[in-house]
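Here's the structure, in structure tokens; my notes come after.
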Amino acid sequence: MKGLLTISVILLLSSSCSCSRLEPWTGDYFDALVSGSFGDREAAITTFNPMDYGAVGNGQTDDSLAFIKAWEHICAADGRLPTFYIPPGKTFLLGQVQFKGPCKASSVRVRLSGSLIAPHGISWGGNDGLEAWIRFENIDNLIIDGEGKIDGQGQSWWTACAIKKQNVGKSKCQKPTAFHIHGCNGLKLSGLTHLNSAKNHISLSGSNNVIISNIRIIAPEESPNTDGIDISTSSNVMIKNSFIGTGDDCIAINSGSSWISITGVTCGPGHGISIGSLGEDGAYQTVEGVNVENCSFRGTDNGVRIKTWKGGRGYARKISFKHINFMNTKNPIVINQFYFDKNSLDPQADVKNYPEIKVSDVAFSDLHGTSANEVAISLNCNEGSGGCSNILMDGVRITPAVPGMNLHAICSNAHGKVTSATPDVPCLSH
């Protein structure tokens, strides 16, 4: 009887273990990992907590050195998924920090459950030329996730730059990007809330095969140059299921970017989702293979936009916007080949003689909603090299946000076909 009872207990325990097996990337899995309750089968995973390296986490003491020390150990660790665990209930004040690879392990994880805050602008020692506050560089298969917050405390920067512009007449004021990721192939970024960057919140460059999902980016509508996500020189990037409301572009796709997918993003306030600007100062710049789908724009200055400078060279092509909803959007659909600083070119110059970024193969399908301005569709292309080509519109229906507005389209040197569009787009063939 005793032997039978022992066997029964063993079977029961075995059954319980098999039913409650924890899968990687779940919250239960990570909680067990942090608490050390796994035992030998997960012993290869090592966690690093900045509190163990002298961090205070009170939001007032500079914890930069503790983070850098912890990162050195993480990046040198081997085994399975070394994890930088930033605990909840703590606020870590960080100065300018850089987390560099390559790392020894094939993948490294940063689990942010607490908060990171930047110093106020005046605390940066008067250096207004900093590129970034937090930078990750050359770390393949980097995972950054959690429910934590990253607060750039940009208000002091915005105020200082406004005063400088007023007193010195300087139109551009250098401010740091909050979160710069460069050369991180296979990046997965998810779950975090990004707040009040001095400039753009997330900058992604030189990185391929990237997934950004379920993030929130928030800054005041009047905050200057606070793009949500800027992408450059990167390919195979997916951004999905996120909210972005800032004072500038929700997402800007810049030169060297290709095969970019944006789905399920809610944008507003802000300047919409933009291709470009491209071709500033006569540069050769390219963007190719962009798909924006199932996105919403709420009270934004622009909806979907392609903007290129006069005098630039290169192309923007193979671009698709579909299943888009506009709610009180000022400029729902825009192609603008005349995007330039009024002081950068001779105002009397014949712009037809300037080279241009070639815009082609752009499809608008099932775009609907309300426009806050009378011009709901603006296709303003330069005739210098034949204008914009192969522009397709199907199932576009935009109505006035305010009853009685005379909604219409502006269309110049754009060539292609419209199947159905409201308002009518006269320069496209029917």
Task: Any chance Gly146 is within 18 Å of Ile202 (Cβ to Cβ), touching a strand residue (DSSP E or B) at 6+ places or on another chain (Cβ under 8 Å) and at pLDDT 95 or above - done: yes
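Kindly establish whether Ile122 is modelled with pLDDT of 95 or more and either among the β-branched types (Val, Ile, Thr) or open to solvent by 20 Å² or more (accessible area, probe 1.4 Å) (or both). Can you show your working first?
Numbers: modelled with pLDDT of 95 or more: no; either among the β-branched types (Val, Ile, Thr) or open to solvent by 20 Å² or more (accessible area, probe 1.4 Å) (or both): yes.
Against the criterion (modelled with pLDDT of 95 or more and either among the β-branched types (Val, Ile, Thr) or open to solvent by 20 Å² or more (accessible area, probe 1.4 Å) (or both)), Ile122 does not qualify.
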Open item on the list: For segment 401-424, give me each residue that is at positive phi and assigned to a loop (DSSP other than H, G, I, E, B).
Closed with: Gly404, Asn413
Task: Test for Val287: is it over 16 Å from Ser365 (Cα atoms), over 14 Å from the mean Cα position of the chain (by Cα) and among the aliphatic types (A, V, I, L, M) - done: yes
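State whether the residues of segment 108-118 include one that is small (Gly, Ala, Ser), open to solvent by 10 Å² or more (accessible area, probe 1.4 Å) and touching a Phe, Trp or Tyr at 6+ places or on another chain (Cβ under 8 Å).
Yes: segment 108-118 contains one or more residues that are small (Gly, Ala, Ser), open to solvent by 10 Å² or more (accessible area, probe 1.4 Å) and touching a Phe, Trp or Tyr at 6+ places or on another chain (Cβ under 8 Å).
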TODO: Within segment 172-206, count every residue that is in contact with a His (Cβ under 8 Å, 6 or more places away or on another chain) and in a loop (DSSP other than H, G, I, E, B).
DONE: 2
Open item on the list: Need pairs with beta-carbon distance below 7 Å; first residue of a type in the set (A, V, I, L, M, F, W, C) and within segment 288-312, second not in a strand (DSSP E or B); sequence gap 6+ or separate chains.
Closed with: Phe297/Gly268; Phe297/Gly272; Val304/Gly272; Trp309/Gly279; Trp309/Glu280; Trp309/Tyr339; Trp309/Phe340
- [ ] Could you grab the pairs with beta carbons closer than 6 Å, sequence gap of 6+ or different chains, first residue in segment 66-79 and small (Gly, Ala, Ser), second one assigned to a helix (DSSP H, G or I) and buried (at least 16 other Cβ atoms within 10 Å of the Cβ)?
- [x] Ala66/Pro50; Ala66/Tyr53; Ala70/Pro50; Ala70/Tyr53
- [ ] Return the residue satisfying two criteria in turn: it lies in segment 35-64 and is assigned to a helix (DSSP H, G or I) and surrounded by 15 or more Cβ atoms within 10 Å (Cβ to Cβ), and of such residues it is modelled with the lowest pLDDT.
- [x] Glu42
Task: Evaluation of Asp281 against (1) under 20 Å from Val359 (Cα atoms); (2) touching a strand residue (DSSP E or B) at 6+ places or on another chain (Cβ under 6 Å) (one fails), failing number - done: (2)
TODO: Can you work out which of the residues in segment 284-339 that are at pLDDT 95 or above and among the small types (Gly, Ala, Ser) is nearest to Gly395 (Cα to Cα)?
DONE: Ser320
- [ ] Starting from segment 179-190, keep only residues that are within 12 Å of His201 (Cβ to Cβ), then list their pairs with residues that are among the polar types (S, T, N, Q) whose Cβ atoms are within a distance under 6 Å, requiring at least 6 positions of separation or different chains.
- [x] His180/Ser203
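The values are calculated or read from the model by the stated rules, or taken from the named source; none is laboratory data. Keep in mind that what you see is a predicted model, and the values were worked out from it rather than measured. Cβ coordinates were reconstructed from backbone atoms using ideal geometry, including for glycine residues, and neighbour counts include every protein chain displayed. When the accessible area is computed, the model is the full protein with side chains, heavy atoms only, and any ligands, DNA or RNA have been set aside. Shrake-Rupley method; radii C 1.70, N 1.55, O 1.52, S 1.80 Å.
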